[in-house]
Amino acid sequence: MNKNLQTALESMTTKYNSIGPLLIKMESFVMNTNSGRNPAMKSYYAYWESKIYLALTHVLLANLLFLDNLLNGGKNKSKRAVTVKGPLFKIQAMLSAPEIVTSPMANEIYKMTIKYVRSIIDSTKMFLRWQHGTCILTPPQIISEDEEPFIYSFHTDIVANQAIVGAMSQLNTTITKTFTGLAKYLDLWRKYNPLWKVDKVITNLITSSQID
């Protein structure tokens, strides 16, 4: 999953970084300058930056809803509904007296899933914003010597988008519901724990003497 995400991001960032030079070339045709900062082109640059923001938001929202639908077993009724054939992954439950444990452990899978969802959101940090009134990427900003440079990206605006916030909330609910279902399934077996808490040798001896 992470490999596919990184491959997609590399392709997208390469295409995104090529947009600025294309707009500078347009500036050279129209204004006979190639700085990427021509004041007369300010609204043109803003128009395309807005388009990029909307495209990133659309892609991110589509992926969050797609993942939510996968975790729901394809039960969501939407245009992005998918047909899910079989489980996405399997968890093995086994007896490790006196407890029933899962492999991988449920909390590890939960952390991994949450981490992956966050990585999808955080991927928008790779798309740097343009400097005001230009189509030039904004370099890291030094706030203070004690802090990491601030990266001015689309991430700040996207995480505040209400559609994204809603999709994240829905996905978190689905993830929680999935692991609640797993816990309830394991509880069905935990009610038999007296059977494996008793010393088996003593149990067999008692059973044998009763038969005799």
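Each reported figure results from applying straightforward, stated rules to the coordinates on display, with no laboratory input. Quantities reported herein were computed from a predicted structural model and do not represent experimental measurements. As a convention, Cβ positions derive from the backbone with ideal geometry for all residues, glycine included, and neighbour counts pool all protein chains shown.
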Problem set entry | Cut-off 11 Å, label 7 Å out along Cα→Cβ of Val30, residues of the range 47-65 by amide N | 47-48
Seminar exercise, completed: In this structure, among Lys51/Lys115; Lys111/Lys177; Lys3/Lys111, pairs with alpha-carbon gaps over 26 Å are Lys51/Lys115
Exercise. Of Ser28, Ser50, how do they rank once you tally other Cβ atoms within 10 Å and put the fewest first?
Worked result: Ser50, Ser28
Exercise. So which trypsin sites (Lys or Arg not before Pro) in the range 79-179 are both in a DSSP loop and have at most 14 other Cβ atoms within 10 Å of their Cβ?
Worked result: Lys79, Arg80, Lys85, Lys90
Exercise. Relative to the longest principal axis of the chain, what angle (0 to 90°, nearest 10) does the C-alpha long axis of helix 200-211 take?
Worked result: 30
Problem set entry | Loop-exposed GluC sites (Glu not before Pro) per DSSP, neighbour cap 16 Cβ within 10 angstrom, longest uninterrupted part of the chain | 1-144
Exercise. Hey, what angle do you get for helix 19-31 against the long axis of the chain, alpha-carbon based, 0 to 90 degrees rounded to 10?
Worked result: 20
For this session: Give a residue-ordered list of calculated ³J(HN,Hα) values for the range 93-105 (Karplus: 6.51 cos²θ - 1.76 cosθ + 1.60, θ = phi - 60°; whole Hz; x for Gly, Pro).
Result: 9, 9, 8, 10, 3, x, 10, 9, 10, 10, 9, x, 5
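Convert 4 °C to kelvin, take the viscosity as 1.567 mPa s, use the Kirkwood radius over C-alpha pairs of the chain as Rh, and evaluate the Stokes-Einstein diffusion coefficient in µm²/s, rounded to a whole number. Display every interim value, and only then the final one.
On the way: Rh = 21.8 Å.
Calculated translational D: 59 µm²/s.
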Exercise. When the dipole is taken about the Cα centre of the range 8-166, and only Lys, Arg (+1) and Asp, Glu (-1) are charged at their Cβ, what size is it in debye, to the nearest 20?
Worked result: 880
